[in-house]
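One structure is given below, encoded as structure tokens.
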Amino acid sequence: MTRLFDRQLAQPDPPTLYDFLQTVQATDRGSDSPGAVKARVMMARPDIVRMARTVRAGGTGIRVQEIQGAHVVAAEAVHERVGGTPAPELFSRLCERSILPQHEATFIEAQKLRSLGPVSAFGWLVHTEPTEDGYALQAYLATEWGRGKLFSPLAVCYLDLDDRGRYRREADTDGPAAQFATPDDPQRPGLLPSILDPILHSLMVTTGTLLATLAILAEHPHLPAIIPDRAQSAAYRRRSGRPLVTYRRIPRETAALQDLFADLDTTS
């Protein structure tokens, strides 16, 4: 079975706005969500369709050379618990814990989801750099819509960490003082953010999964490697030019996961 990371490596150049609107329209059919409604209205106008084919985010997206050596972690069990936990209560536990990654690049993903509408998988590619008084963390959000429709990065999250790896808090809260940015086309500034910002808002729960997973990895970094089946990996290499990735998984019974969510979540 492929991971989102495998499929992300096979993604070509950053998609156009037209690609994204097509994806939303196909995977969120019949929905009255703001993103789906806006996609249908825009795709019904030939002039906008022509324009959308030329709109592409500036930059290079998530580049293969940056991602291919990442430490890949499957975090479905974490995402399940985050979804059942009120954010303020989760942040009350996270704010005093280190979330500093131990690897140069970490890719935290969850797939086969049913809780995020048309988004069937997501992943956060995490990098950190030292600063004068701690660390700067950048995380790039990759998304998959329906079956195999990739749009990455959908957003970038910026966090400042102190010298112990704890995030800086928003004033008067336990939540992180996070900043988010969505892709933009320098030729048509503001157009892509106007479409992506409402969608990003609906995916904010994935930020909780990101932070909770980083806290668990800081406490329990040595997860066993899951090595893909040799025959499946060879077959995938023949199709894509790359073998399936070796990854780690956070099991539901992991002590650090149980400790973080003890007496917090509402799931049974």
Exercise. Any idea which of D172, D184 is free of Cβ contacts under 8 Å to residues at least 60 places away in the same chain and either among the charged types (D, E, K, R) or out of contact with any Phe, Trp or Tyr (no Cβ under 8 Å at 6 or more places or on another chain) (or both)?
Worked result: D172
Exercise. From the list T213, T246, T254, which one is among the hydroxyl-bearing types (S, T, Y) and closer than 26 Å to D160 by Cβ?
Worked result: T213
For this session: Go through (1) assigned to a helix (DSSP H, G or I); (2) of a type outside the set (V, I, T); (3) in contact with a His (Cβ under 8 Å, 6 or more places away or on another chain) and name the single condition L196 misses.
Result: (3)
Exercise. Which of the following residues is closer than 28 Å to V126 by Cβ, within 18 Å of the chain's Cα centre (by Cα), surrounded by 14 or more Cβ atoms within 10 Å (Cβ to Cβ) and modelled with pLDDT of 85 or more: V24, V72?
Worked result: V72
Seminar exercise, completed: A136: passes all of (1) touching a strand residue (DSSP E or B) at 6+ places or on another chain (Cβ under 9 Å); (2) within 30 Å of D32 (Cα to Cα); (3) among the hydrophobic types (A, V, I, L, M, F, W, C) but (2)
Exercise. Does D197 fit the bill of being open to solvent by 20 Å² or more (accessible area, probe 1.4 Å), touching a Leu at 6+ places or on another chain (Cβ under 9 Å) and charged (D, E, K, R)?
Worked result: no
Exercise. Restricting attention to region 254-261, does a residue exist that is open to solvent by less than 20 Å² (accessible area, probe 1.4 Å), in contact with a His (Cβ under 9 Å, 6 or more places away or on another chain) and not hydroxyl-bearing (S, T, Y)?
Worked result: yes
Exercise. Just wondering, is there one or more residues in region 118-139 that are open to solvent by 10 Å² or more (accessible area, probe 1.4 Å) and within 14 Å of Q8 (Cβ to Cβ)?
Worked result: yes
For this session: Kindly check whether there is at least one residue in region 243-251 that is within 19 Å of the chain's Cα centre (by Cα), under 21 Å from H71 (Cβ atoms) and open to solvent by 70 Å² or more (accessible area, probe 1.4 Å).
Result: yes
Problem set entry | Hits in region 200-223 (condition: over 14 Å from L260 (Cβ atoms), in a helix (DSSP H, G or I), open to solvent by 40 Å² or more (accessible area, probe 1.4 Å) and not small (G, A, S)) | H201, V205
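The values are calculated or read from the model by the stated rules, or taken from the named source; none is laboratory data. Worth saying up front: this structure is predicted, and the values here are computed from it rather than measured. Glycine also receives a Cβ, built like all others from the backbone with ideal geometry; neighbour counts cover every protein chain displayed. Side chains included, ligands, DNA and RNA excluded: accessible areas come from the protein's heavy atoms. Shrake-Rupley method; radii C 1.70, N 1.55, O 1.52, S 1.80 Å.
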